[in-house]
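Since the structure comes first, as structure tokens, the remarks are kept for the end.
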Amino acid sequence: MRVLHLLGSLQPSGMERMLVSAVGSLNDAGIETIIVGQGENNSFEEELRQVGYKVFIIPRVRTIRGLAAWFELVVRLAPDVVHIHAEQAFSAAVIASRLASSRTPIIRTIHGLFAPKGRSLRSRRLQALASDRFVERFVAPSPDVQDNERRFGRECDLVYNWVDDRFFHVGRARRSRPTSIRSRVSAVLVGNASPIKNQVLALEALEGLPIDLFFHGSEVGASPLEVAILDRLALAGRLLHRGMGDPAKSLSDADVFLLPSKHEGFSVALAEALTAGVPSIIAPAPGLSWATTQPLVSVVGTDVDSWRTALGAVRARDGQDQTPEMPIIDFSARRGVREYLALYLSVTHQGMSAADD
């Protein structure tokens with residue numbers, strides 16, 4: 001089965017990282033995965049190629065050149081399924097896909113929890129009216145996204161996001177680690193700085209506490225206050241990691257994971273932390289209702305004092321007396337690929353033939 005995925009610009013986050021972690025499971029399932037990125041800033045393109053994916057880069061589909069390039073790819077590659085992940089110009093991409101092939105089924109995964117208002121809300125509803133009829137199945141990565149999309153008349157299948165297998169290895173290593181006493185607590189923040197990620201809440205809360213920090217993410221969207229706090233932590237020798245990079249080693253060593261986001265479609269970073277067995281403090285954000293029932297998760301209010309109190313109660317992990325629990329949800333790539341394969345088969349002639357057999 002050949003599946004053609006349309007993403008936005010290829011960046012080291014979200015679906016791109018999930019595709020890297022799922023390459024073995026996709027190959028085992030007999031799914032040939034082709035990835036299409038858009039625009040000029042595709043910093044994760046080479047990593048996708050290195051694990052074996054065929055990758056194409058086209059102009060953004062909101063342009064005439066981009067739409068023409070997308071149309072040509074669908075015609076030339078003749079996929080069994082078109083799987084659209086990009087949000088921008090979604091309707092145009094769907095209609096171009098249908099014009100390129102009247103029989104190729106289209107699946108769309110909606111990764112974010114969008115709450116448009118006014119003009120943006122009217123635009124989204126018009127897009128739904130124009131193109132949703134051509135989409136065989138919609139997919140949401142969390143129950144919150146499912147509920148939100150009902151506002152637009154979309155019933156979504158639920159397929160939780162997944163994490164790389166190495167986070168399961170981290171969890172097993174933490175559970176078997178010999179007891180060792182440490183006096184200092186360490187925390188992890190994962191995510192590119194932005195107002196939505198709201199990392200300033202956690203930074204302000206921990207700055208006055210004897211807590212070290214692993215920070216994994218870009219500071220391009222950071223506020224001056226966030227940068228100043230990170231600078232002060234670095235000067236005090238309390239910033240154990242700063243910048244992009246794989247958080248697996250930091251999660252192996254950390255005592256607590258922090259997620260102060262204002263909203264999330266689904267947090268892969270939180271799923272990684274829970275799979276690694278790291279106790280987590282999260283904000284009561286839309287998109288995280290699935291996490292509130294998970295072991296090791298504490299939900300804290302959105303004020304600095306509440307976060308400071310919660311962080312002050314964290315103690316340094318001292319080995320096996322704090323054996324991490326596994327999350328209730330199976331966050332393995334194998335499970336995610338199995339569920340997507342079932343969806344692909346349900347909308348293709350391959351699935352119909354199998355049903356006939």
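A few notes on this one:
- Test result for L201, assigned by TED's automatic domain parsing to the domain that holds L259, at pLDDT 95 or above, touching a helix residue (DSSP H, G or I) at 6+ places or on another chain (Cβ under 7 Å) and not aromatic (F, W, Y): yes
- Test result for V300, surrounded by 19 or more Cβ atoms within 10 Å (Cβ to Cβ) and free of Cβ contacts under 8 Å to residues at least 24 places away in the same chain: yes
- For S346, the criteria (1) modelled with pLDDT of 90 or more; (2) within 14 Å of V163 (Cβ to Cβ) hold in every case but one, which is (2).
- Count - residues of segment 258-274 that are assigned to a helix (DSSP H, G or I) and small (G, A, S): 3
- Remark: pairs (first residue in segment 67-87, within 15 Å of Y344 (Cα to Cα); second residue surrounded by fewer than 18 Cβ atoms within 10 Å (Cβ to Cβ); Cβ separation under 6 Å; 6+ apart in sequence or on different chains) = P79/R2; D80/M1; D80/R2.
- Of all residues in segment 32-41, those that are within 20 Å of V82 (Cβ to Cβ) and more than 17 Å from the chain's Cα centre (by Cα) total 6.
- When residues of segment 1-39 are limited to those that are under 18 Å from D165 (Cβ atoms) and polar (S, T, N, Q), the one surrounded by the most Cβ atoms within 10 Å (Cβ to Cβ): T33
- Scanning segment 246-265 for residues being under 18 Å from D165 (Cα atoms) and not hydroxyl-bearing (S, T, Y) gives a total of 6.
Per-residue answers, yes or no, for (1) surrounded by 21 or more Cβ atoms within 10 Å (Cβ to Cβ); (2) in contact (Cβ under 8 Å) with a residue 24 or more places away in the chain; (3) under 22 Å from the mean Cα position of the chain (by Cα):
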residue	(1), (2), (3)
R154	no, yes, yes
D164	yes, yes, yes
H169	no, no, yes
R174	yes, yes, no
R184	no, yes, no
V188	yes, yes, yes
P195	no, yes, yes
F215	yes, yes, yes
L230	yes, yes, no
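- Checking each residue in segment 50-76 for being among the β-branched types (V, I, T) and loosely packed, with under 15 Cβ neighbours inside 10 Å picks out V51, I64, V75.
- For V36, the test of being touching a residue at least 24 places away in the same chain (Cβ under 8 Å), assigned to a strand (DSSP E or B) and under 21 Å from P79 (Cα atoms) is passed.
- At least 1 residues being among the hydrophobic types (A, V, I, L, M, F, W, C) and over 30 Å from T293 (Cα atoms) is the threshold, and among the helices (runs of 4 or more DSSP H) wholly inside segment 66-156 those reaching it are 90-100, 118-131.
- Of the residues examined, R238 is one that is of a type outside the set (G, A, S), surrounded by 14 or more Cβ atoms within 10 Å (Cβ to Cβ), over 26 Å from the mean Cα position of the chain (by Cα) and assigned by TED's automatic domain parsing to the domain that holds L274.
The values are calculated or read from the model by the stated rules, or taken from the named source; none is laboratory data. Here the structure is a predicted model, which is why all the values come from computation and not from measurement. Cβ atoms come from the backbone with ideal geometry, glycine included; neighbour counts cover every protein chain shown.
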